[in-house]
C-alpha cells in the first residue's frame, strides 16, 4: 500500500493548527479550528485512496486500478456537506451567545465550579432531626388545650410562621413549605425557559 | 405459582384506581389478594409434603443467559410463604383503618405494599440464583419507597435512603457471590446447587465456593440488619407502622434469614460460615437487646428487639444441625406472629394516643383492656412465657444449643451462655415494652386515648390467637418443619431417623437442661425488670458505644467529600482544561504505543505522486493559509485564511482525480464564507486572545504533537493494509448495477444509499437547529410577502449625524437610487435606496436563472458526469444567496415561495419514498431500477430510479442553504433594524466601550440574566 507523505504532512499541519485553535477561548476561533480539523480529516481519507488516478467516471476501456479510489471520495463528499451543516449550526450558536451575553468567549462553567465548592454540610444528610415519637402529632385546639385533634388546623398552618432563610434569600414559610412538596411549580422560569 | 405472582403485580398496578374509587377501604380489596393466595397455599400442602417434596414450575426467559423463571415450592418456601402471605393480608386489613381518609398517595402506597408482598413471595419460591437476586433487589427498592412514604419529612427520606444504601451495598456483594457460586457449580438452579454442594465444597473450586458463600452472607447480613449493619433497621422506623410491622415480621429482614436457611443445608460446613453466622448473630443479639433497654420510644424498643431476634434467628438457622433447623423455622414462625402483633399494637397506640413515648404514655391499659391483652400475649410470646408460641420455639432452640454445647467445645459453651444472656435481655425488654406502653406511671398525666374500633384491632387479635394456638398445639408446625430439618440429618448408621435427630416441637419435654435455662432466664429477666432503674442508671453511665448510625454518616460524609474533592480537581469548569486533558491522552497513548512497538516505516512512501506532481505546491499554500488563520487577529482575516485552506483542498481534490469533491468543496467554501460574513456582522472585528501567555506554549505542544501523531498513525495504518480495496469492484457495480458512469455519485445514491440517507437527515436536523437558534421560537417559516412592505423601508440608515460626511454620502446615494426600479429584481424596491446596487441587481437578474438551470443540469447529469444532488443543491443555494445579497430578505422570500422547513420535509420524504417504494413493489429497500424509454423530442431516455433519491438530496440541500440564509441573513437583519428603531434599550451597551465592560462584569455574575433577543415574529 502506498503512502502519500505530501497529503499526510499537510494533514498533520492542519491538525496541529486546528487543535491549537480549538484550545482557544474565542468561539469563533474554535469554529475555525473545527473547520481545519474537518479539512485535515478529509485529506486523511483522501490519502487512503493511494495514488492519484483518473476521475472515477466509468469507461469500459479503463481498468479498475486506473481510477482514483471512488470510495474515499464518496465518504469525503458526505463529510464536506455535513461539515457545512455543522459550521452553520456553530455560527448560529456564536450569534446567539453574542446576543445573549455579548460574548464571543467560552466562559468557565459556573455550575462545575459550584460543585467544587460544595460545602461539607448537606442539609438533606446532616441536619439534625429531633426524635419523632409519633406519626400522628397532636395539635391543641383552642388556647386551653381542652380538645385535641390529630391533624394540624389551618390556623396553625405556616401562615403565621413568618419567613425562612434559605441560603442568602429570605422566603416566606408558606413558599418554603410549598417547595417541600414534590413536583413543586414554585419557581420562576428564566428567559430561556429554564429555572432562574 | 406464577399466577399468584402475576395477580399480585396486576392488582398492584391497578391499585391506584381502586383507591380513587373506594378510598382507604380499597385496602380490603388488596388484602384479598394475599388472603386468597394464602388459601391456595394451604391447598398446596399435600403436594409440597408428598414424597416429591416440592412443587416446581419452570418457564424459559432468556435461554442464552441460562435465565429462567424457575420456581420451587418446598417446605422451607412453604413455611416462609405462610408468613409472607398471611401477615401481608392481615397488615393490609389493618391499613384500611390505620390511614386516615384524608391521607394522600394511598394508591401508590397500597400498590407498593402489595407488590412488596408479591416480590417477597417470589423471593422465597425462586429456584434460580439470579431470579432470586432480582426479587431480592426489588424488595430493596420497594422497601425504600415504603419507608420513605412520608416523603415530605426529612427523617423518612433519610432513613429510606440509608436502608437503600446499606442493603444495596450488601446486595452487590451478594451478586458477585451468586455469580461465583453459579459459575463454579455450572448451574444457577438453587436446588441443583444444593444437591451437589458436598462435591462443590470438597472439589477443586472449594476455595471459590467458600468465598462466594461469604459474599452471599454479606448480602444476608446487610439485609437482616446484623452487626455491623444493624443501624438501618431502627432508622427505618420512620416508615408508617404497618410497613414496619411487615418488614420486621415477615418480609425484608426475613429475606436474609431465609437465605441463610436456604443455603445452610449445603454450605454450613464451609470455612467461614460458622464463625460469621454464630459470631455476628450473637453480637447482634446482645447489642440489640442492650440497646432495646435504652429506648424510650416503644416502637424503637421493638425495633431493637427485632435486631436482637434477627441475630438470634441467624444463629439458630445457620447452625446446621437437624434440631437447630427445626427450632430455627419454629422460631421464625413464632417471631413473625408476635412481632407483627406488637407492631400493630404500637400503631394503634400511636394512632389513638398521638405519641409512642414511654415518658408520656400512662394508663393506656385501663382505657383499652382488649388492646392490652392482645399486646400482652405478643410480649409474653416474645419473652418465651409458657403455653405460647415463643416458649415452644425457644425451648427447642435451647435444646439444640445445649446439644451443640454438649460436645464440650469452649466456643459452643460461649454461644450457649450468650444465648441465655440474650434471652434474659429479651425478657427484660419485653417487660419494659409492656410497662412502657400500658402501665400507669406515677407523676405522668393519664394519656388521652381514643377508643379502639374492633375493625382496627382485628388483625393483631387474630395474630395473638394464632400465637396461642401454636403454643398449645405445636404438632402441626412440627409436621411442617420436619422435612426441612431432615435435610440436615446425618446419614451415618446409628444416628437414628431424621425425626429422632431433629426432635419435636412440644409444650412439655420434661425436666430438661433447656427448661432449667428458661427458668434461669425468667428469674434474671424479672430481676432486670424490677431493677430497671438500676439498669437505666448503669446504662447511662456507659459511654455511647460505637454507634453504627454515626459510622454510616461519617462514611457517607467522607465519600461525599472525596467525590467533591476529585470533582473539584478534575471538573474545573474550563473547556480548555478538559480538551487539553482529552487531547493529551489522545496523542500520548498512540504515540507511546508506536514508540514501544518500534515498527519500521512501510516501504512505499513518496512525497511526489508521479501522477500528480503539483500536490506539494498546493500543499504549501494550504499550510500557509492555516498558519495565517492561526496568527490572524482580525476576525474576517482569520475566516478568509481558513477559506484559503478550503479552496486549496478543493484544488488538492482536483489534482488527486476527484472532480466531484473539488466542485462540492468550492461551492461549500463559497457558501460558508457568505454565512460567516452574515453571522459575524455584529461581532467586533478584533479577535482578542485571552488565553495568551503560558497556555500558548502548551497549546502549541499539544497541537504539534497531535499532528505528528496523526501523521505517523496514518502512515502505520496505511502501511499495515494488506487486503484488496473493496472499491475495485465499484466501477463495475456502478455501471452494471447502478446504471451510472459517475462512480462516486452512484456510490452515494445507490451503493451506500443508507449512509447518504442518514446524512441528509443530519442536514435537516442541523438546518432546523440553525433556524431554532436564531428564531428561538418556531422556525419562522411564515414571512410576509414583499407587496405589504413599504418602499425603501428595509435597512434604512438612521441616527446619522446630519452634519457629517456620512450624511452627505447618504444623501447622494439616496438621490441616485431613489426611483423604484422593479425591472431587474422583484423586491428591490423594498430596500432602502442607499443599500441598492444597480450593477449587482442586473448581474443577479442575468445569472440567477442560469445558475438554477445549471444546478438542475448538475443534478440530472450527476449520474454520469461530475455533479449530483449535493453539487446541484449547493449551486441552487448559491443562486439564492446572490438573490438575497442583491435584494434583501424580501427578495429571498420572493425567490422561494416554499418555506425552508417544507423543503427539508419534501426532500426527506422524496428520498425516503425512493427507498420504500421498491420494497412495496417486491424489491429491497433503495433498490434501483433502470427504465429505458423513448420520448418524442428527447429520443431514447435512460432513467435510473436512484435519480429520485438524488432529487431528494438536492431539495434537502436547498432547504439547508435557505435556512442558513434566512436565519443568519434575514432574521439577523431584522434584529438589527429593531435595535435601531428602539435604540434606548440596548444602545448604551453597544456604543460605549466602558458600558460594555460594566455589562460584561454583570454577565460574569449573572450569565442568564440578559433577556433573549428575538423579533416579534420569532415570538409569535
* Is it the case that the stretch B:644-666 has a residue that's surrounded by 15 or more Cβ atoms within 10 Å (Cβ to Cβ), in contact with a strand residue (DSSP E or B) (Cβ under 7 Å, 6 or more places away or on another chain) and at positive phi? -> yes
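Residue-wise test of (1) in the same structural domain as residue B:518 (by TED's automatic domain parsing); (2) buried (at least 24 other Cβ atoms within 10 Å of the Cβ); (3) farther than 25 Å from residue B:298 by Cβ.
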| residue | (1), (2), (3) |
| --- | --- |
| B:353 | yes, yes, no |
| B:362 | yes, no, no |
| B:365 | yes, no, no |
| B:391 | yes, no, no |
| B:409 | yes, no, yes |
* Confirm whether residue B:591 is at the interface with chain A (Cβ under 7 Å from one of its Cβ atoms) and at pLDDT 90 or above. => no
* Pairs only if they're at least six apart or on different chains, beta carbon under 9 angstrom, first in the stretch B:79-104 and not assigned by TED's automatic domain parsing to the domain that holds residue B:36, second assigned to a helix (DSSP H, G or I); list them, first residue then second. => none
* Asked: Going through the stretch B:676-719 one residue at a time, which ones are more than 8 Å from chain A (Cβ to nearest Cβ) and in a loop (DSSP other than H, G, I, E, B)?
  -> B:681, B:685, B:692, B:693
* Long-range neighbours under 8 Å by Cβ, at least six apart or interchain, first residue within 9 Å of chain A (Cβ to nearest Cβ) and farther than 13 Å from residue B:952 by Cβ within the stretch B:752-764, second at pLDDT 95 or above and in a helix (DSSP H, G or I) -> none
* Structure fact -> Of the residues in the stretch B:622-635, those that are in contact with a helix residue (DSSP H, G or I) (Cβ under 7 Å, 6 or more places away or on another chain) and either crowded, with 24+ Cβ neighbours inside 10 Å or assigned to a helix (DSSP H, G or I) (or both) number 9
* Only one residue in B:186, B:170, B:148, B:206 is more than 14 Å from chain A (Cβ to nearest Cβ), closer than 30 Å to residue B:112 by Cβ and out of contact with any strand residue (DSSP E or B) (no Cβ under 6 Å at 6 or more places or on another chain), so which one is that? -> B:170
* Structure fact -> Screening A:4, A:42 for residues that are at pLDDT 85 or above, within 7 Å of chain B (Cβ to nearest Cβ), touching a strand residue (DSSP E or B) at 6+ places or on another chain (Cβ under 7 Å) and within 16 Å of residue B:711 (Cα to Cα) leaves only A:4
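When you look at residue B:311, is it assigned to a helix (DSSP H, G or I), within 35 Å of the chain's Cα centre (by Cα), modelled with pLDDT of 90 or more and not assigned by TED's automatic domain parsing to the domain that holds residue B:422, yes or no?
So residue B:311 does not fit the description; no.
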* Inspect the stretch B:596-610 for any residue being more than 10 Å from every other protein chain (Cβ to nearest Cβ), within 27 Å of residue A:5 (Cα to Cα) and in a helix (DSSP H, G or I) and give the result as yes or no. => yes
* Asked: Considering only residues of the stretch B:611-620 that are surrounded by fewer than 18 Cβ atoms within 10 Å (Cβ to Cβ) and modelled with pLDDT of 85 or more, which is nearest to the other protein chains (Cβ to nearest Cβ)?
  -> B:616
* **Residue that is nearest to the chain's Cα centre (by Cα), among those in the stretch B:492-531 that are farther than 25 Å from residue B:413 by Cα and modelled with pLDDT of 85 or more** => B:529
* Structure fact -> Among (1) within 26 Å of residue B:862 (Cβ to Cβ); (2) out of contact with any strand residue (DSSP E or B) (no Cβ under 8 Å at 6 or more places or on another chain), residue A:55 falls short only on (2)
* Structure fact -> Over the stretch B:732-750, the set of residues surrounded by 24 or more Cβ atoms within 10 Å (Cβ to Cβ) and facing chain A (nearest Cβ under 8 Å) is B:734, B:740, B:742, B:743, B:744, B:747, B:748
* To do: Have a look at B:244, B:268, B:275, B:222 and point out the one that is touching a residue at least 40 places away in the same chain (Cβ under 8 Å) and more than 31 Å from the chain's Cα centre (by Cα).
  => B:268
* Out of A:10, A:30, which single residue is more than 7 Å from chain B (Cβ to nearest Cβ) and either out of contact with any strand residue (DSSP E or B) (no Cβ under 9 Å at 6 or more places or on another chain) or without any contact (Cβ under 8 Å) to a residue 60 or more places away in the chain (or both)? -> A:30
* Selected residue [surrounded by 21 or more Cβ atoms within 10 Å (Cβ to Cβ), within 7 Å of chain B (Cβ to nearest Cβ), assigned to a helix (DSSP H, G or I) and in contact with a helix residue (DSSP H, G or I) (Cβ under 9 Å, 6 or more places away or on another chain)] from A:76, A:82 -> A:76
* **Where a residue in the stretch B:567-582 is at negative phi and its partner, wherever it lies, is assigned to a helix (DSSP H, G or I), with Cβ under 6 Å and at least six apart** => B:567/A:115; B:568/A:116; B:571/A:112
* To do: Might you check whether a residue that is farther than 20 Å from residue B:845 by Cα, away from every other protein chain (no Cβ under 14 Å) and modelled with pLDDT under 90 occurs anywhere in the stretch B:890-900?
  => yes
* So which residues in the stretch A:92-131 are surrounded by 16 or more Cβ atoms within 10 Å (Cβ to Cβ), in contact with a strand residue (DSSP E or B) (Cβ under 9 Å, 6 or more places away or on another chain) and either more than 7 Å from chain B (Cβ to nearest Cβ) or free of Cβ contacts under 8 Å to residues at least 60 places away in the same chain (or both), if there are any at all? -> A:97
* Run down B:826, B:842 and say which single residue is in a helix (DSSP H, G or I), more than 24 Å from residue B:669 (Cα to Cα) and assigned by TED's automatic domain parsing to the domain that holds residue B:963. => B:842
* Asked: Pick from B:165, B:174: which is within 16 Å of the chain's Cα centre (by Cα) and assigned to a helix (DSSP H, G or I)?
  -> B:165
* Do you know which residues across the stretch A:1-35 are outside any helix (DSSP H, G or I) and within 14 Å of residue B:642 (Cβ to Cβ)? -> A:24, A:26
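The values are calculated or read from the model by the stated rules, or taken from the named source; none is laboratory data. This is a predicted model, so every value here is computed, not measured. Note: ideal-geometry Cβ built from the backbone for every residue, glycine included; neighbour counts use all protein chains shown.
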